[in-house]
Amino acid sequence: MGVELLAWRKRYGFGRVDAFVLALYAAVLAVTIPFHEPWADEAQAWVLARDSSLWEIFRYRLHYEGTPALWHFLLRVLIVAHVPWVAVGWVCGVIAVAGVAVWLRWSPFPMVVRVLVLFTFFVLYQYGVVARSYVLFPLLLFGLCAVYCARSRQVLWFAVLAGLLANLCLQGAIVSGLFTVLYVWELWRGRVRARGMRRAVAVLVVAWGMCAYAAMPAPDVGFAVQDAVSGGVVHRLLVKVIGETPRHVAVRPVDAVVLGIARPVVDAGWRERLAMRLQPPAKSSALDAAPVAQQGPLAASAVTVVELMSELLWPIADSSLLGCALLVLILLWARAHGGLIYFVPAVVLWLVGEFLWTTDHHAGMLLLTLLAGVWLTARRAGLAGVESREGMRWRKASWVDGGFVVVLMIVLAGQVVWSASAVWRDHRGVYDPGPELARYLKTLPAGERVAAFHYWSVAAQPYFARNPFFNLPTAYWQWSANVFPDALHKQTLDARPDVVVYTQEEPLANEMRNQILPLNVRRGGEPVDPVLADIEERGYREAQRFCGERFSRLGASFRVCDVVFVKGR
């Protein structure tokens with residue numbers, strides 16, 4: 001029995017053990033979802049879909065969100081079907097259960113690994129409880145792997161799943177595109193003529209066209225303007241294809257000072273220690289206030305390397321040594337079985353994430369993509385399911401096989417502890433203060449004017465039929481440099497609102513970039529937000545403070561606080 005638990009799977013199916021494990025997974029979701037408080041990113045997608053038509057979502061809105069349209073289309077369908085906001089978590093739970101059902105039915109891993117993966121932090125909590133688009137990632141990725149490894153080439157089903165995955169998020173588009181290239185390469189190399197090839201190509205062309213258009217950034221999107229990516233041929237092309245400003249909304253001027261402080265502030269302590277080793281001592285005295293980019297090429301390069309390794313190791317284990325051990329064993333195991341090529345999507349996802357954008361909730365997709373590479377390698381090597389045409393070479397590296405499975409189980413067991421911690425904290429604590437803020441605002445006397453500053457105030461919006469903040473032009477946050485309410489904080493405060501809501505986010509020690517060095521922990525030396533300074537200068541006093549923490553691993557990655565100010569006497 002012990003050997004069977006650790007042996008690669010020869011026959012796929014769904015037995016009693018699988019049914020029991022799936023029921024247990026669903027039960028854990030059922031007792032956790034009611035206690036979860038949705039945060040701003042969960043609310044942003046909902047209110048955008050609520051207040052926009054399908055055409056407006058695809059034609060205008062998503063150019064400011066940096067994502068394809070699949071999730072927002074699904075939310076719009078739920079809204080049209082009168083599904084309430086409080087039920088979205090349950091819809092995501094059903095999707096998560098479907099994803100792990102595919103995993104249990106078709107994945108080739110040993111039974112212990114198959115069971116442990118279900119209760120890891122990302123599969124159970126981050127992509128099961130947290131209601132974001134990434135809840136679809138396991139379902140689509142596992143489905144793609146299952147079709148990839150099927151005995152008969154189901155190219156149309158592969159195209160449908162790859163197209164849906166491409167329209168889920170940027171990470172999904174990368175994984176979908178690269179696995180599609182690998183799939184087509186294997187068909188061409190094997191001279192396989194599968195039925196439905198033309199229809200599959202048509203599906204992929206349409207899907208990738210929709211993905212490319214919806215995710216195309218608007219010329220005035222906030223992050224492009226802040227990074228000085230404007231002007232030139234590309235900018236003029238975007239103006240023609242997309243348009244210059246958001247449609248049907250007010251246009252506001254940009255305050256460069258406020259835009260500058262909107263960026264995350266990186267802790268200075270580690271920079272000083274690092275720069276003292278890489279730069280002349282005379283330059284270290286100014287490091288506390290200087291941004292990373294101003295600290296010389298050596299220091300900036302060292303930071304990039306540290307962040308790259310942190311992103312790679314953070315979703316695997318608390319111990320960087322254990323994470324490195326697993327990665328080394330994966331490479332040795334894949335090389336022994338001729339499957340290194342199946343890990344190209346994970347490598348590209350890792351590099352693009354670091355040099356473009358990635359954060360904690362994205363990291364789990366890197367881990368799942370690594371598991372997808374193992375899945376396809378096992379099929380190629382004949383360790384599970386279909387026998388390889390190139391023969392089995394696993395006996396030459398039996399110690400690698402055993403070591404890889406053992407270390408993988410240790411890593412997954414550690415992640416089960418992460419999940420238990422997150423579930424316990426969500427029962428006992430507050431993930432986000434948005435619902436508490438909404439309940440408080442509903443107790444205010446009718447007619448009181450309420451203003452809000454910063455993006456995290458969006459978390460309260462789904463609990464109101466109409467936007468409760470008079471200074472925000474829409475309930476959803478517009479990531480446009482031409483629509484920036486925080487830039488008008490002086491004019492808003494001059495109007496003397498009755499209540500001012502100031503929302504803020506603070507990175508904590510368990511944030512992804514702190515895996516190796518504390519790159520993103522605040523120590524109290526950060527510049528004061530001018531919005532907060534103006535609120536206090538105008539005599540407003542703090543009346544309420546609602547805080548929550550985004551639970552992650554054995555702690556939390558970020559703390560979010562909604563601070564309510566009222567007129568002083």
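Residue by residue through the stretch 50-91, note down the ones that are among the small types (Gly, Ala, Ser), in a helix (DSSP H, G or I) and without any contact (Cβ under 8 Å) to a residue 24 or more places away in the chain.
We begin by selecting, within the stretch 50-91, every residue among the small types (Gly, Ala, Ser); these are 52-53, 66, 69, 81, 87, 89.
Then keep just the ones that are in a helix (DSSP H, G or I); that gives 87, 89.
The one that is among the small types (Gly, Ala, Ser), in a helix (DSSP H, G or I) and without any contact (Cβ under 8 Å) to a residue 24 or more places away in the chain: Ala87.
Within the stretch 473-483, restricting attention to residues that are under 20 Å from Pro497 (Cα atoms) and either surrounded by fewer than 22 Cβ atoms within 10 Å (Cβ to Cβ) or among the charged types (D, E, K, R) (or both), the residue that is farthest from the chain's Cα centre (by Cα) is Pro473.
Inspect all residues belonging to the stretch 92-110 and state whether any of them is free of Cβ contacts under 8 Å to residues at least 40 places away in the same chain and either surrounded by fewer than 22 Cβ atoms within 10 Å (Cβ to Cβ) or more than 20 Å from Phe551 (Cα to Cα) (or both). Yes; the residues of the stretch 92-110 include at least one that is free of Cβ contacts under 8 Å to residues at least 40 places away in the same chain and either surrounded by fewer than 22 Cβ atoms within 10 Å (Cβ to Cβ) or more than 20 Å from Phe551 (Cα to Cα) (or both). Considering the stretch 536-569, the residues that are part of a loop (DSSP other than H, G, I, E, B) and either among the small types (Gly, Ala, Ser) or surrounded by fewer than 17 Cβ atoms within 10 Å (Cβ to Cβ) (or both) include one that is nearest to the chain's Cα centre (by Cα), namely Leu554. Screening the candidates Met210, Met197 for the property of being surrounded by fewer than 23 Cβ atoms within 10 Å (Cβ to Cβ) and in contact (Cβ under 8 Å) with a residue 60 or more places away in the chain yields one hit, Met210. Taking the stretch 333-356 as the range and being under 27 Å from Trp418 (Cα atoms) and either touching a residue at least 60 places away in the same chain (Cβ under 8 Å) or polar (S, T, N, Q) (or both) as the test, the residues that pass are Trp333, Pro345, Val348, Leu349, Val352, Gly353. Condition first: among the hydroxyl-bearing types (Ser, Thr, Tyr) and surrounded by 21 or more Cβ atoms within 10 Å (Cβ to Cβ). Now tell me which residues in the stretch 310-359 satisfy that. Across the stretch 310-359, the qualifying residues are Ser310, Tyr342, Thr358.
Residue-by-condition table, conditions (1) in the same structural domain as Val147 (by TED's automatic domain parsing); (2) hydroxyl-bearing (Ser, Thr, Tyr):
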position: Tyr25; (1), (2): yes, yes
position: Asp51; (1), (2): no, no
position: Arg61; (1), (2): no, no
position: Leu74; (1), (2): yes, no
position: Val80; (1), (2): yes, no
position: Ala96; (1), (2): yes, no
position: Leu104; (1), (2): yes, no
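Would you mind stating whether Leu178 is among the hydrophobic types (A, V, I, L, M, F, W, C), at pLDDT 95 or above, out of contact with any His (no Cβ under 7 Å at 6 or more places or on another chain) and surrounded by fewer than 21 Cβ atoms within 10 Å (Cβ to Cβ)?
Criteria met by Leu178.
Go through the stretch 449-503 and report how many residues are in a loop (DSSP other than H, G, I, E, B) and touching a residue at least 40 places away in the same chain (Cβ under 8 Å).
Residues flagged as in a loop (DSSP other than H, G, I, E, B) and touching a residue at least 40 places away in the same chain (Cβ under 8 Å) within the stretch 449-503 amount to 16.
Taken over the stretch 145-177, residues that are part of a helix (DSSP H, G or I) and under 20 Å from the mean Cα position of the chain (by Cα) amount to 14. All but one of (1) under 23 Å from the mean Cα position of the chain (by Cα); (2) modelled with pLDDT of 95 or more; (3) within 30 Å of Val430 (Cβ to Cβ) hold for Glu65; state the number of the condition that does not hold. All conditions pass for Glu65, except number (2). Among the residues here, Phe355 qualifies as of a type in the set (A, V, I, L, M, F, W, C), modelled with pLDDT under 90, within 30 Å of Thr304 (Cα to Cα) and assigned by TED's automatic domain parsing to the domain that holds Leu332.
Among the residues of the stretch 33-62, write down those that are of a type in the set (Gly, Ala, Ser) and over 14 Å from the mean Cα position of the chain (by Cα). Explain how you work it out, then say what you get.
Of the residues in the stretch 33-62, the ones of a type in the set (Gly, Ala, Ser) are 40, 43, 45, 49, 52-53.
Selection gives Ala43, Ala49, Ser52, Ser53.
Any residue in the stretch 149-161 that is touching a helix residue (DSSP H, G or I) at 6+ places or on another chain (Cβ under 8 Å), in contact (Cβ under 8 Å) with a residue 60 or more places away in the chain, within 22 Å of Ala69 (Cβ to Cβ) and buried (at least 24 other Cβ atoms within 10 Å of the Cβ)? I'd like the intermediate steps shown before the answer.
Filtering the stretch 149-161 for residues touching a helix residue (DSSP H, G or I) at 6+ places or on another chain (Cβ under 8 Å) gives 149, 153-161.
With in contact (Cβ under 8 Å) with a residue 60 or more places away in the chain added as a condition, the list becomes 149.
From what's left, within 22 Å of Ala69 (Cβ to Cβ): none.
No - not one qualifying residue is present in the stretch 149-161.
Among the conditions (1) within 25 Å of the chain's Cα centre (by Cα); (2) over 23 Å from Val417 (Cα atoms); (3) in a loop (DSSP other than H, G, I, E, B), Arg11 misses just one, which is (1).
Any residue at all in the stretch 526-535 that's among the β-branched types (Val, Ile, Thr), farther than 26 Å from His36 by Cβ, free of Cβ contacts under 8 Å to residues at least 12 places away in the same chain and surrounded by fewer than 20 Cβ atoms within 10 Å (Cβ to Cβ)? Looking through the stretch 526-535, at least one residue is among the β-branched types (Val, Ile, Thr), farther than 26 Å from His36 by Cβ, free of Cβ contacts under 8 Å to residues at least 12 places away in the same chain and surrounded by fewer than 20 Cβ atoms within 10 Å (Cβ to Cβ).
Regarding Val129, is this residue within 25 Å of Arg553 (Cα to Cα), assigned to a loop (DSSP other than H, G, I, E, B) and among the hydrophobic types (A, V, I, L, M, F, W, C)? Can you show your working first?
On the way: within 25 Å of Arg553 (Cα to Cα): yes; assigned to a loop (DSSP other than H, G, I, E, B): yes; among the hydrophobic types (A, V, I, L, M, F, W, C): yes.
Taking the combined requirement at face value, the residue satisfies it.
The values are calculated or read from the model by the stated rules, or taken from the named source; none is laboratory data. Everything quoted here is computed from the prediction, not taken from an experiment. Don't worry about glycine lacking a Cβ; one is built from the backbone with ideal geometry, like all the others, and counts go over all protein chains shown.
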